[in-house]
Amino acid sequence: MASATIETTGLTRSYGDICALKPIDLQVPEGEWLSVMGHSGSGKSTLMNLVGGLDRPSGGTLKVGGEDLLALSEDGLARFRREYVGIIFQQHHLVPYLSAVENVMMAQYFHSVPDEAEAKLALERVGLGHRLKNRPGELSGGEQQRVCIARAIINSPKLLLGDEPTGNLDHKSTLMVMDLLKELRAEERFTVVLVTHNEEVASWGDRTIYLDDGVLVRDERLGD
Amino acid sequence: MPTLKLIPHLLSYAGIVLVLLRAFAGRRLLVAVASLIGFVAGIAAAVLLFRFCPGEPGFGLVRDVVGGGFLLFWGVAVTAVYRSTGHDLPMTWWDDLLARPAAGAAAALAASLVAGAVCACRLSSGDSLITYLLLILAAALLVLGAHALERQLPAAFAVAPAGLMAVVVALLVFSSASIIRLDLFSPLTMKVMKFAHDFVHQFFESMLIPDHLFIRTNLWGYIGLLFGKEIGFWGALVILLVPVFLVLLSINFEPLPQVAHIRQGAQRRRLLAEAIGSRRRRLVIPGLSLVILAAAVYRSLYPSVEYWDPKPVAVTATPAGEIFIPKKGEIDLEDGKLHKYLYKAGGKEARFFIVMTPAGKLSVDLDACAICKPDGYGQAEGTVICYYCKTLIPMETVGKPGGCNPVPVPFTVRNDGVHLDAMTIINTWGSTVQATARVKEAGK
Amino acid sequence: MTRLLRSAWALLSSRVTSPAVLGIFLLVYIVIAFGTDETLITLMAVTSASTALLMLLALLPLSSAARCYRETARYLARRRVLRGEPTQVPEGLFEETVRLPAGGSLDEVKGRLEAEGYTTSLAGESLGAWRGASGSWSRIVFLAGTFCLFAGILISLSTRTSHRQSVLEGEPMPTAAGGGGVVEKISLVPGTGRILSRDLTLQVARSEAGDPAKTCGLYPPALYRGNFVYPRYLGIAPQLKFSAPDFAAGKEAYYVLNIYPAGKDDKVEFAGSPYRLDVGMAEPGDGSDPFVSGKITLLFKLVKGKDLVLNGSVPLGGTFERDGYRLSFPSYRRHVITDFVQDYGVLFIWTSMALFAAAFLIWLPVRLCFPRGELAIVRDGDGMRAYARAEGGRTRHNGVFHEMLDLLESRAHDRSQGGAGQSEMAGN
């Protein structure tokens, strides 16, 4: 069995009295595409945030790519996020006054140094080579999401997280984005954790887990 | 209190030790011990030096050592920028030498020796053994403090060899600037002024260009700008700061690592980012050196010293044209202080002073020199200072012509006092002083 | 021996030599500065007295001359290449050298280059093209200037002699061998130009030794018996007649007095008497220059021992009498303290200034308006060599050069493809 990218034991997260995530044991091997499903408030985004180092667990253990995230300082977590993780959000969070290529270069800037040629190549890979200079407002939803994907993968992450990446897209754009993700994953071999409430989107993954009120209730492999 | 006046020197020493500890991080203990030994040795050397060569020769030697270090820094800076622009120099022997364990200790010993000597120059012969012991104790505490502080500094904060030299030299220059007799900037200003002055005169003489007597006044005014103290100040500032800028450039021009062989973009960029970050961090120390040197210039321009500058006393000449000033009376000419006089006759005037030199002889000189505007002289700490160019003239050399020394005037001393020829004073003032004298009838 | 000469030539013609020598002198200057305030004078004195330093200094003009020769040779070699004359092209003659496969018509390239504004020269197997004016001339003139400058400094330091003498109206010019022409007149007139406020002339009569009559001005200084006449200070030599009641014999003589400009005083001691005369020049009330106008009033104080006997003023040409004392200044002569300088280095240095000015005036318009670009394409065995060089407008020139290279390569490629196709067809 390939070494696990993500390993959690008794992972929990509480916000005061509210327990958003009850103890979860999870193992995600390297290169797997994991879809996380559940209704609103089930703890899927909480799980994704913990795995991506965006939040700290209240208890349990959490290792991602061999790193014990609980043992990392704030600077260490920031470094981990920079080097290891790429994130695609539902809301895009693109900088509205920067062009597509500049948005991608921003990710490079926070990682190391900007490289315009590399950013252009990344946008060409996601099919936006002709839209480099356009600002997000001039792009369609699907195009914006593709810019987000280019931004997320520009630093060669080992783990790609998506929080409802197709939530705001129409069906055609959704298919385009999912196709792209599949293609990139095949090329780059990163692990994907995709949070979605859409069964069809979830079915693109290798495995789906279901959360309900912070509890892992089901774990299905594609083909099961 | 002697300890208060030692603060700038001790701070400089602490800074030197801190930077040396960081530069030779693998040999901290050795560097720390060598620093303390060097400091104590420097104090001892200075004490012995002043015992055998009291006064100006002793100060001169210490100042020359600091100056020599600054010259060496110039060489290091030029070499650094030359190497960083891709030119090869056969310097592997130097790199090997720096890598040796003893290099850190040797550097610490040398730098601390000079720092200790400079510190000792601040103390006077009247200071007791207790003062010296307290000084050594303070140095030891500073070494311990620097050692502890250095460990707290982030590991990524590195010091390049040229940067190390920059900050050590800057701190030594700052330390010596706090003692007017060790100050380098004022003499450097004077040297630059003298160079400009001599060069123009030599150029005119060599090219057989007519003297100012024949040249239009407005044109001579422009030429006269080259004789101003501003030329000396800015020239000296350039000489002082350029090597630090060269070091900054050498760090900035360092080539980035080759990354073309790395296929992954993020990895290439990370390597480049690390190299750029390291380069930027290495700019901090030389940048700090600029600030320290600027502080040294400020100390040089505005020393915390009170100058003795008495109001000139008006004198008259006898009908035979002789000026007589009694040795004793209201003014005691032999008290070692500067005594100024003003002689006016027929619409002309001249200022001069009489002082007893350390050799026990009286000296009569114009209150002006052959180079500067006649702003006059003050007296402090065994020296005479030209107010215009801020050059210090040791008391031992007052009475000798040349440079920025006050122009000596012939005189005779008989038992009753000093006898001068009035016409000689007026003529010498008129022919020597470059610009119209500003009457300074108020003392400081 | 050849190796030694080659090394010497390499050293002399290297661009590093002059900066290195100047650097050594700078170090010497700095070392001297630690010990004395008269640094420049001391450096000059030390250099003139030291054979080693003079030899080191001699490297400067020699290096300039060598570089001048090298620059000229390279300019001529490039000219030969551009004109298609058969010649060796040494390495480094052009900035870029590219080897190409054979193929492509030089006629076509010639046409393209002419369309780009180049002048071309097609000669058999080679094509040369150029635009603009060559900056080599300004460089050669500049190097000639540096040669003159350093040679002048070397000659000046090693051979300059200067003697300060007093030149007096009515007296012969003071020369080492004696017998100079009599100085007939010294005159000072207001200057008319922008630089000199006053113009001084010394009119010297023909001497018995055969020196011609001469008028020596201020600038450029005149030559007299191989020495430049360099006036420094002006003075007055009034004829003074003095007698006193207890000095009836009196005294009559011309005395050279350093009392110009007004404000300076001088003394006259009368030997054999207790009298001394302190003399100064009065400032003219109308602001004129007494040396120019000749209207001089003298202020005097007659001192006997330590007592003041008389004081007053008397115009030149006048007499003062009182209480048996008689003081008169019937006439005066002008005098000039002059340096007689023998220094042929000065001529070189003046020449260098003119050459530097000429080099700048040539270089500036050429660089700004007609920057030079050169191309040459030469058939070489089974291939071609292309050379390029630019002194300005480098980007445009390199763009044209690379375009021509692309053209030649594509023609060579077409030719080889066409040849293969033809042989295929022939095979079929």
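Coordinate-derived values only; no laboratory data. Note that this is a predicted model, so its numbers are computed, not measured. Neighbour counts run over all protein chains shown; Cβ positions are idealised from the backbone, glycine included.
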### Task
Can you bin chain C into rounded, prolate or oblate? Criterion: square roots of the alpha carbon gyration tensor eigenvalues sorted a ≥ b ≥ c, rounded for a/c under 1.5, prolate for a/b above b/c, oblate for the rest.
prolate
### Exposure proxy order (Cβ contacts within 10 Å, fewest to most) of A:VAL193, B:VAL355, A:VAL215
A:VAL215, B:VAL355, A:VAL193
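Do any GluC sites (Glu not before Pro) in segment C:110-217 lie in a DSSP loop with no more than 11 other beta carbon atoms within 10 Å, and if so, which? Can you show the working numbers first?
Working: sites: C:GLU114, C:GLU116, C:GLU125, C:GLU169, C:GLU184, C:GLU208; in loops: C:GLU116, C:GLU125, C:GLU169, C:GLU208.
Filter output for segment C:110-217: C:GLU208.
Under 1.5 on a/c is rounded, so check that first for segment B:313-432, then, if it is not, pick prolate when a/b is larger than b/c and oblate when it is not; a ≥ b ≥ c are the square roots of the alpha carbon gyration tensor eigenvalues. Provide the component values of the computation, followed by the final result.
Working: a/c = 1.85, a/b = 1.16, b/c = 1.59.
Since a/c reaches 1.5 but b/c is at least a/b, the shape of segment B:313-432 is classed as oblate.
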### Query
Rounded to the nearest 500 deg cm²/dmol, what is the calculated helix-only ellipticity per residue at 222 nm for the protein assembly as shown, with -39500 (n - 2.57) per DSSP H run of length n ≥ 4?
-15000 deg cm²/dmol
### Task
Subtract the Cα-Cα distance of B:LEU141 and B:LEU61 from 0.36 nm times their separation in residues, and report this length gain in nm to one decimal.
26.0 nm
### Task
May I ask you to derive the FRET efficiency for A:HIS93 and A:HIS39 from their Cβ-Cβ distance with R0 = 30 Å, giving the value to the nearest 0.05?
0.80
### Task
Take B:SER304, A:SER42, C:SER273 and order them by how many other Cβ atoms sit within 10 Å, fewest up front.
B:SER304, C:SER273, A:SER42
## Note on the structure
Any lysines whose Cα falls less than 29 Å from that of A:LYS133, other than same-chain ones fewer than 8 residues away, would be A:LYS120, A:LYS158, A:LYS172, A:LYS182
### Query
So how far apart, in nm, are the two label points at C:THR87 and C:LEU368 if each is 7 Å from Cα heading toward Cβ?
3.1 nm
### Task
Please turn the phi angles of segment C:216-225 into ³J(HN,Hα) values with the Karplus equation 6.51 cos²θ - 1.76 cosθ + 1.60 (θ = phi - 60°), one per residue in order, whole Hz, x for glycine and proline.
9, x, 7, 8, x, x, 7, 9, 10, 6
#### Entry: chain C - percent relative contact order, Cα under 8 Å, separation 6 or more
20 percent
### Task
Describe numerically, in nm with one decimal, the distance between label points set 7 Å from Cα along Cα→Cβ at C:ALA354 and at A:LYS182.
8.9 nm
### Task
Please find, in a Gaussian network model of chain B (springs between Cα atoms separated by less than 10 Å), the residue of B:ASN218, B:ASN427, B:ASN405 whose mean-square fluctuation is greatest.
B:ASN218
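Taking only Cα atoms of the protein assembly as shown, what ratio of Rg to Rh do you get with Rh as the Kirkwood inverse-distance radius?
Details: Rg = 43.1 Å, Rh = 38.5 Å.
Computed over Cα atoms, the ratio is 1.12.
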#### Entry: Cα gyration tensor shape for chain A, rounded if a/c is under 1.5, else prolate or oblate
prolate
### Task
Compare B:ALA41, B:ALA80, B:ALA148 in a GNM of chain B, Cα atoms joined below 10 Å, and give the one with the largest fluctuation.
B:ALA148
### Query
Once you list every other residue whose beta carbon is under 12 Å from the beta carbon of B:TYR302, what net charge do they have if Lys and Arg are +1 and Asp and Glu are -1?
+1
### Relative contact order [Cα under 8 Å, 6+ residues apart], chain B, whole percent
16 percent
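Taking the Cβ of A:PRO114 as the center, what net charge do the other residues with Cβ under 11 Å away carry, scoring Lys and Arg +1 and Asp and Glu -1?
Numbers: positive: B:ARG269; negative: A:GLU102, A:ASP115, A:GLU116, A:GLU118.
With Lys, Arg at +1 and Asp, Glu at -1, the net is -3.
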### Message
I need the phi-derived Karplus couplings for segment C:173-189: 6.51 cos²θ - 1.76 cosθ + 1.60, θ = phi - 60°, integer Hz, Gly and Pro marked x.
### Response
4, x, 10, 4, 8, x, x, x, x, 6, 7, 6, 8, 10, 10, 10, 10
## Note on the structure
Of all lysine pairs in segment B:313-432 that are eight or more residues apart or on different chains, those with Cα atoms under 16 Å apart total 9
### Task
For C:LYS185, go through the lysines and keep the ones whose alpha-carbon is under 28 Å away, minus same-chain ones fewer than eight residues off.
C:LYS214, C:LYS241, C:LYS251, C:LYS264, C:LYS267, C:LYS295
### Message
Averaged across C:276-288, how many Cβ atoms of other chains sit within 10 Å of each residue's Cβ atom?
### Response
1
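Relative contact order for segment B:221-323: what is it in percent, counting Cα pairs under 8 Å that are at least 6 residues apart?
Working: 32 pairs, mean separation 26.1, N = 103.
Rounded, it is 25 percent for segment B:221-323.
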### Query
List the lysines whose alpha-carbon lies under 20 Å from that of A:LYS22, not counting same-chain residues fewer than 8 positions away?
A:LYS44, A:LYS63
### Query
How do C:TRP9, C:TRP137, C:TRP130 rank when sorted from fewest to most other Cβ atoms within 10 Å of their own Cβ?
C:TRP9, C:TRP137, C:TRP130
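Starting from the Cα-Cα distance between C:ARG396 and C:VAL256, subtract it from 0.36 nm times their residue separation and give me the gain in nm to one decimal. All intermediate terms of the calculation are to be shown ahead of the outcome.
Details: separation 140, 0.36 × 140 = 50.40 nm, distance 7.23 nm.
So the chain would gain 43.2 nm between C:ARG396 and C:VAL256.
Rg over Rh of segment C:235-337, using C-alpha atoms and the Kirkwood radius, what does it come to?
On the way: Rg = 13.1 Å, Rh = 13.8 Å.
Answer for segment C:235-337: 0.95.
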### Query
Pick from B:THR432, B:THR383, B:THR217: which is most flexible by mean-square fluctuation in a GNM of chain B where alpha carbon atoms under 10 Å apart are linked?
B:THR217
### Query
With each label point set 7 Å from Cα along the Cα-Cβ vector, what nm distance links C:ARG80 and C:SER14?
2.7 nm
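Which FRET efficiency value, to the nearest 0.05, is calculated for A:ASN134 and A:ASN168 with the Förster distance at 22 angstrom and r the Cβ-Cβ distance?
On the way: r = 18 Å, r/R0 = 0.83.
E(calc), rounded to 0.05, equals 0.75.
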### Task
Report the local net charge at B:ALA25: Lys and Arg +1, Asp and Glu -1, summed over other residues whose C-beta lies under 11 Å from its C-beta.
+3
